[in-house]
1. Restricting attention to the stretch 36-74, and to residues there that are in a helix (DSSP H, G or I) and hydroxyl-bearing (Ser, Thr, Tyr), which single residue is modelled with the lowest pLDDT?
2. Only one of THR199, THR182, THR203 is surrounded by 17 or more Cβ atoms within 10 Å (Cβ to Cβ) and closer than 22 Å to LEU122 by Cα. Can you tell me which?
3. Tell me which of these GLN151 doesn't satisfy, since it passes every other one: (1) more than 15 Å from the chain's Cα centre (by Cα); (2) farther than 18 Å from LEU117 by Cα; (3) not hydroxyl-bearing (Ser, Thr, Tyr).
4. List the strands (runs of 3 or more DSSP E) that sit entirely inside the stretch 186-259 and contain at least 1 residues that are over 17 Å from ALA161 (Cβ atoms), aromatic (Phe, Trp, Tyr) and at pLDDT 95 or above.
5. Report yes if some residue within the stretch 137-152 is under 24 Å from ASP197 (Cβ atoms) and among the charged types (D, E, K, R); otherwise report no.
6. Mind checking which pairs have a first residue in the stretch 218-235 that is free of Cβ contacts under 8 Å to residues at least 60 places away in the same chain and crowded, with 17+ Cβ neighbours inside 10 Å and a second that is of a type in the set (Val, Ile, Thr) and in a strand (DSSP E or B), Cβ under 9 Å, 6 or more apart or different chains?
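The values are calculated or read from the model by the stated rules, or taken from the named source; none is laboratory data. Keep in mind the model is a prediction, meaning the values are calculated, not measured. Every residue, glycine as well, gets a Cβ built from its backbone with ideal geometry; the counts of neighbours run over all protein chains shown.
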Amino acid sequence: MVRVRVVQHSGLRRRALRRRVLWGGGEVLVTVGAVLLLLVVHQLWWTNREAREEARREVRALERAWDGGGSRSASLPAEAEGTAAPPAAAEPEPSAGTRRRPAAAPVPDWSRAYAILTVPRLNLRVPVAEGVGRSGVLDKGYAGHYPGTQQPGQAGNFALAGHRNTHGEPFRYINRLARGDTVRVETRGATYTYAVDRTLPQTAAHDSGVIRPVPRSTVEPGAGYEEPGYYLTLTTCTPEYSSKYRLVVWGKLVSMRPR
């Protein structure tokens with residue numbers, strides 16, 4: 001006698017349903033993975049490409065305007081009235097009796113970049129704009145000037161922020177700066193040269209002491225300065241791909257030359 005295998009239709013339906021569920025779940029995972037990959041590519045590559053190109057265009061526009069060959073010169077920041085031009089190779093803190101005040105820096109035009117930051121060791125040359133907002137300044141690949149801090153060449157602290165990752169990441173490698181490395185800040189009227197002096201590898205994001213006129217950490221004891229001077233502060237996020245802490249590099253003004 002031949003036995004005929006009886007197939008339960010309910011079992012077939014269950015197996016078919018499981019296959020559909022597994023296949024559908026796989027498609028969802030592949031789709032999500034592709035979207036996440038595109039987001040990563042956009043953040044790590046496309047935003048850098050766009051921001052770097054934007055920064056290069058702005059640097060070229062500033063240079064043309066300062067050299068008298070551009071149409072933007074009328075709208076660039078004007079020098080403060082009633083101040084003399086900075087002396088060539090002037091020392092920021094000359095001896096008593098011969099002390100000369102450095103020239104006042106430009107009053108910032110809030111709508112665009114007004115200076116160029118150059119760091120030879122890092123092959124870095126980016127615009128400086130007023131403010132540290134993401135969309136208006138930092139995401140363009142610019143260095144942003146902390147409102148309320150001093151301008152280039154002024155007594156006190158000229159403090160800047162920049163992205164370490166994505167959007168041009170201009171400050172990605174400032175941790176590589178060593179004591180004595182130069183940092184130049186060019187404006188329409190003068191070029192200010194600072195020498196890197198100290199680095200604070202990590203501090204809290206709320207450590208506002210690092211950008212005070214006399215920069216000194218309120219979180220890390222002993223980090224910073226105690227005497228007034230002519231300081232430059234560069235800040236960025238640390239560790240990389242995180243905004244939990246801040247990395248700080250300090251410099252001191254060593255020379256000022258008119259353009």
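1. Only one residue tops the list, namely SER73.
2. THR199
3. Evaluating GLN151 over (1) more than 15 Å from the chain's Cα centre (by Cα); (2) farther than 18 Å from LEU117 by Cα; (3) not hydroxyl-bearing (Ser, Thr, Tyr) leaves (2) as the failure.
4. 190-204, 230-238
5. Within the stretch 137-152, none of the residues are under 24 Å from ASP197 (Cβ atoms) and among the charged types (D, E, K, R).
6. Listed pairs, sorted by first residue: VAL219/THR203; GLU220/THR203; ALA223/THR203; ALA223/VAL248; GLY224/VAL248.
Table: residues versus (1) farther than 17 Å from THR233 by Cα; (2) free of Cβ contacts under 8 Å to residues at least 60 places away in the same chain.
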| position | (1), (2) |
| --- | --- |
| ARG112 | yes, yes |
| LEU117 | no, no |
| LEU124 | no, yes |
| VAL128 | no, yes |
| GLY136 | yes, yes |
| LYS140 | yes, no |
| TYR146 | no, no |
| GLY153 | no, no |
